[in-house]
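These notes concern the structure reproduced below.
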Amino acid sequence: MRFTHIYVEERAGNYPLTGEILGKLPNVNIIYINHYKDVFDRKRQNAVLQKEHQSLIIAVREGSRIFRGAPVCQSFGQKNFYYASSMMNCPFDCEYCYLKGMYPSSNMVVFVNLEDYEKDVEEKLKEGPMYVCASYDTDLIAMNGLTGHADFWKKMALNHSDLLVELRTKAAPEIKDDISNVIYAFTMSPEEVVSGFERNTAPIKARISAASYAVRNGAKVRFCFDPVIRIPGWQDAYKRLVEETACLIDYSKLTDVSVGTFRISSDYLNKMRKAYPGSETAWYPYVIKDGVAQYEPDCDRQMQEFVTDLIADHIGREKIFTWN
Ligand code: SF4
């Protein structure tokens, strides 16, 4: 990953992780700043242009770091469902990504005060076992070589048996560990969706091979058919995808599978539409229900049922989770 500029909060300079990251990025221009928001929250940024020339901001996260899972996200039946935000923005560039409507900038922020995240988790664990999606606002696995954040969450899981961590990815990592409370969640999308809407992500064949390797090594693996996108010929595309995965991976060895059609907060969608006037996904005529933009209900149901039925040929329905 090439960054055009590296911004470093002055107070972040004292953290060992800052030194480790900078050590991996020789010959870069470092600009010291007071607060990450001075750069990240600047007015009138061109998020599209920034994505082409992404900068990295190294910062310290104050205030809330762990959040309750949003209703549009799947809890997989877990009661204490949280997500953590230890990085903001992503090296990948999915056209449908809600981050485009959530953040004013496409630059990436990496927080280096991981010991504070550890304290937060330990505090919440006092209330009972918790499930943390650590890779929602980014792709921690894709960035792990630089930031080590995925390794941090794995270590957290190893040290806390009552913590269940999900690491979701569109990369194709080589997973050799089999930590019983870490779930590697691979997003599975048909080739047409990957090439049309998931820029810079790993090709679907590579994701399937990586998932197969992880399963063989005993890792907990989740398949996420999420978001299901209504492309022309979507039925055939998803049928081929499920067949291809089932050919290479024994579904009975998967932890579970999620199915979810595209949905996004209507507020984020409005911001995405402004920033991306040519985006096919942003300008689809969704319906708004309870503040969430989604496919029209019949169409949404048809898509979820169709994909769920395909998957149910390979794994029990009790292991398939849908978002509504
Ligand atoms: S991989 Fe996930 S977080 Fe990254 S751009 Fe795509 S949808 Fe967004």
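Bear in mind these aren't lab numbers, they're just calculated from the coordinates by the rules spelled out. Remember, predicted model here, so these are calculated numbers, not experimental data. Virtual Cβ from ideal backbone geometry, glycine too; neighbours counted across all protein chains shown.
Quick rundown of the values:
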{"read-out": "Sequence of 139, 298, 116 once ranked by neighbouring C-beta atoms within 10 Å, starting from the fewest", "value": "298, 116, 139"}
{"read-out": "Estimated vicinal HN-Hα couplings, Hz - region 196-207 in sequence order (Karplus 6.51, -1.76, 1.60; Gly, Pro = x)", "value": "x, 9, 10, 4, 6, 7, 5, x, 4, 4, 5, 5"}
{"read-out": "Proxy reagent accessibility, fewest Cβ within 10 Å first, across 8, 112, 121, 287", "value": "287, 8, 121, 112"}
{"read-out": "Scattering profile of region 103-248 at q = 0.11, 0.15 Å⁻¹ [log10 I(q)/I(0), Debye over alpha-carbon scatterers]", "value": "-0.47, -0.82"}
{"read-out": "Footprinting exposure proxy for 130, 188 (fewest neighbouring C-beta atoms within 10 Å first)", "value": "130, 188"}
{"read-out": "Radius, Kirkwood style, for region 170-324 when every pair of distinct Cα atoms is counted (Å)", "value": "16.3 Å"}
{"read-out": "Lysine pair number, Cα distance threshold 28 Å (strictly under), region 1-130, separation 8 or more or different chains", "value": "14"}
{"read-out": "Among beta bridges that DSSP assigns inside the chain, antiparallel share in %, nearest 5", "value": "25 percent"}
{"read-out": "Value at 222 nm in deg cm²/dmol, rounded to 500, when DSSP H runs of n ≥ 4 in the chain each add -39,500 (n - 2.57)", "value": "-10500 deg cm²/dmol"}
{"read-out": "Rg/Rg_globular for region 1-110, with Rg_globular taken as 2.2 N^0.38 Å and Rg from C-alpha atoms", "value": "1.17"}
{"read-out": "Check: region 170-324 dipole with +1 on Lys, Arg Cβ and -1 on Asp, Glu Cβ, in debye", "value": "440 debye"}
{"read-out": "Stokes-Einstein D for region 55-166, Kirkwood Rh over Cα pairs, 20 °C, 1.002 mPa s (µm²/s)", "value": "147 µm²/s"}
{"read-out": "Distance between region 252-324 and region 155-178 - C-alpha centres, whole angstrom", "value": "25 Å"}
{"read-out": "Isolated Cys in the chain, by beta carbon distance under 4.7 Å", "value": "73, 90, 133, 224, 247, 299"}
{"read-out": "For region 64-202, share of DSSP beta bridges that run antiparallel, in % to the nearest 5", "value": "35 percent"}
{"read-out": "If the convex hull is drawn through the Cα atoms of the chain, its volume per residue in Å³", "value": "132 Å³"}
